[in-house]
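A.B. asks: Below you'll find the structure I mean.
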Amino acid sequence: RDRGALAMQLEADKEILPALELQAVETKLAASRDAIEAASADQSVAESNLEATQQVYTLAYNSQITPESLAKQTASLEEAITAAEVKLGDAESELEKAKEAWDEAEKRQVALEEQAQQSR
């Protein structure tokens, strides 16, 4: 009796075993696909980073910024600032002269109006 039950169990296990093995293989295959997709995404990111880095190096190389060229640019900017400050000073001086002339004109206007009233 036990032998018969064992034989039947063995037959049932023989049928189940290939399905379990197939399921295990499918699980491994799915995991492998996921790993391939992840590696592909990592590769894309790495390629993008490399491209960006190459662009930065190209820009830096093409701009050829040296301490000497930076010093020249700085001196040129300082000269432009000094020239602008001189022009600003001249403009402020002209504005002050114009204010004085305006004040004088107002005084003359008041004096002329007073003379006109007195002569009436």
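A.B. asks: Just to be sure before I move on: is residue 63 among the hydroxyl-bearing types (Ser, Thr, Tyr) and surrounded by fewer than 10 Cβ atoms within 10 Å (Cβ to Cβ) in the structure I sent?
C.D. replies: yes
A.B. asks: Can you run down the residue pairs with Cβ atoms below 8 Å, 6 or more apart or on separate chains, where the first is in the stretch 10-25 and touching a residue at least 24 places away in the same chain (Cβ under 8 Å) and assigned to a helix (DSSP H, G or I) and the partner is surrounded by 10 or more Cβ atoms within 10 Å (Cβ to Cβ) and among the aliphatic types (A, V, I, L, M)?
C.D. replies: Note: no pairs meet the criteria.
A.B. asks: Now for a different question. If residue 52 passes every condition in (1) modelled with pLDDT of 85 or more; (2) of a type outside the set (Ser, Thr, Tyr); (3) open to solvent by 90 Å² or more (accessible area, probe 1.4 Å) but one, which one does it miss?
C.D. replies: All conditions pass for residue 52, except number (3).
The values are calculated or read from the model by the stated rules, or taken from the named source; none is laboratory data. Since this is a predicted model, take the numbers as computed values, not measurements. Neighbour counts are summed over all protein chains in view; Cβ atoms, including those assigned to glycine, are modelled from backbone coordinates with ideal geometry. Calculation scope for accessible area: heavy atoms of the full protein, side chains included, ligands and nucleic acids excluded. Shrake-Rupley method; radii C 1.70, N 1.55, O 1.52, S 1.80 Å.
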